[in-house]
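Trainee: I have a structure I would like to understand better, so I am pasting it below and will then ask my questions one at a time.
The values are calculated or read from the model by the stated rules, or taken from the named source; none is laboratory data. Note that this is a predicted model, so its numbers are computed, not measured. Because the Cβ atoms are built from the backbone with ideal geometry, glycine has one as well, and the counts that use them run over all protein chains shown.
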Amino acid sequence: MKFLKKPRDAREEIARKITDTAREIIDNVKSRGLMAVKQYSRTLDNYEGELRISGERLRSAENGISSSLKEAMSVSARNASLFHSFQRKIFQDGEIEITPGVLTGIRFEPVKSAAIYVPGGRFPLPSTAVMGVTAAREAGVDRLVALTPPSGEAGPHEAVLGTLSMLGIDEVWAIGGAQAVAAASFGIDGLDAVDLFAGPGNAYVNEAKRLLFGQVGIDSLAGPSEVTIIADGSARNDYVVADLLAQSEHDPMAKATLLCTEMELARSVVDSIDSMTGSLDPSSPAVMSWRENGTVAFCPLEEAIEYVNSGSPEHLVLCVNDPRKVLPMCRSFGSAFLGNFSAQSFGDYVAGTNHILPTGGSARFSGGLWTGTFLRAQTYVEVDRYGASMLSANGAVIAEAEGLLAHRRAMMIRTGVYPD
């Protein structure tokens, strides 16, 4: 693999500072509750307004949304609902008789409550509200809470509040960052703790989710955005450049990677992006993320696939001649986009798939947000007298081998035998 551009060295010291800061915020919210949250809202977000957004404010925000945005968000919600309701149908309650007299079953029960985090730092992301709410709602979650950071003195962005109102969410809190994860996990005055916290966020949100897992369920570690593009001779320079910069503009810590099987394409993409970013503000997220984290490499297709499977990117774009053939060889990613016309940005907004996806390599052990995120598999067993007699002999042998004699007795007495 020949690199034409490599990311700068990972900044481990910054990562340690993020962990220390997130832990301090969590501990403070746990011990001081609402007072700590208000303090962070004031000092970090320059916001001193009400944390719980009123119904009147939500309705006002919805009324203020342009008709074109309302229509677009309605299409986004409709497409997402179709895809996530399809997912729900995968989960079928059922039973199977393991052996005569032994009936086992499985059922799928949604969590009772969930918090959906909607980022709102540099850019308002009403599309994330659609993604989180739709997946949870199709799963059947009873109580949905939305948390979104205030953007200064005015509070959360009107587009986010208006979209949440359109989606029928009436419990909305103007809380962001690690303090939002902690508040929803422990509960504060007026905000009852939830069972599961879902949604993407900045590095502090991501780290807080990691630290609080166990206190609360989480969807995945969905932090700063990533995209890896595999491109061959069939790819178009302008499409590839557009996809790389689209992900780069999310955050200075976003990562955009291009793996080309054609050296000419790789060089032309580097030249095009250098030319485009040269005319932009050096402090813009797109310029900063590309400068710090952008990667371009020339390599054979097999090597590109190996790179994907080891790196487990959030987004995988296959700008290749036969993406359906390449896809099965790619085993570790959050969401894939097949072919030159499948812009990754379609998945961000209107394709129906969910854009809340695992980052930082966590796609190797977790998937993106989906209906199943909010469902719990619950199994049960029903044994009659005959089934007990069939199971007890072997069960008692295993229990005795493990030295758990009370287990042995609990099985044997079902057969009328009372061992010493």
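Trainee: Name every residue in segment 260-271 that is closer than 20 Å to residue 304 by Cβ and either surrounded by fewer than 23 Cβ atoms within 10 Å (Cβ to Cβ) or out of contact with any helix residue (DSSP H, G or I) (no Cβ under 6 Å at 6 or more places or on another chain) (or both), in order of residue number. Break it down into steps so the answer makes sense when it comes.
Mentor: Of the residues in segment 260-271, the ones closer than 20 Å to residue 304 by Cβ are 260-270.
Result: 261, 262, 263, 264, 265, 266, 267, 268, 270.
Trainee: Restricting to segment 82-97, name every residue that is surrounded by fewer than 17 Cβ atoms within 10 Å (Cβ to Cβ) and closer than 15 Å to residue 349 by Cβ.
Mentor: The one that is surrounded by fewer than 17 Cβ atoms within 10 Å (Cβ to Cβ) and closer than 15 Å to residue 349 by Cβ: 82.
Trainee: Assess whether residue 251 counts as being out of contact with any Asp or Glu (no Cβ under 7 Å at 6 or more places or on another chain), under 24 Å from residue 366 (Cα atoms), of a type outside the set (A, V, I, L, M, F, W, C) and part of a loop (DSSP other than H, G, I, E, B).
Mentor: So residue 251 passes the test.
Trainee: Please enumerate the residues belonging to segment 206-226 that are buried (at least 24 other Cβ atoms within 10 Å of the Cβ), of a type outside the set (Gly, Ala, Ser) and either on the phi > 0 side of the Ramachandran plot or in contact with an Asp or Glu (Cβ under 8 Å, 6 or more places away or on another chain) (or both).
Mentor: Within segment 206-226, just 226 meets the criteria.
Trainee: On to the next question. Could you check how many residues of segment 289-304 are of a type outside the set (Phe, Trp, Tyr), crowded, with 20+ Cβ neighbours inside 10 Å and part of a helix (DSSP H, G or I)?
Mentor: 3
Trainee: Right, next: Hey, among the residues in segment 63-104 that are closer than 23 Å to residue 129 by Cα and outside any helix (DSSP H, G or I), which one's nearest to the chain's Cα centre (by Cα)?
Mentor: For segment 63-104, the residue satisfying everything is 89.
Trainee: Scan (1) surrounded by 18 or more Cβ atoms within 10 Å (Cβ to Cβ); (2) assigned to a helix (DSSP H, G or I) for the single condition residue 47 breaks and write down its number.
Mentor: Only one criterion is unmet by residue 47, namely (2).
Trainee: Scan the helices (runs of 4 or more DSSP H) fully inside segment 316-420 and keep the ones with 3 or more residues being loosely packed, with under 12 Cβ neighbours inside 10 Å, out of contact with any helix residue (DSSP H, G or I) (no Cβ under 8 Å at 6 or more places or on another chain) and outside the structural domain of residue 195 (by TED's automatic domain parsing).
Mentor: Result: 385-402.
Trainee: Could you tell me which of the residues 114, 61 is in contact with a Gly (Cβ under 7 Å, 6 or more places away or on another chain) and in contact (Cβ under 8 Å) with a residue 12 or more places away in the chain?
Mentor: The conditions single out 61.
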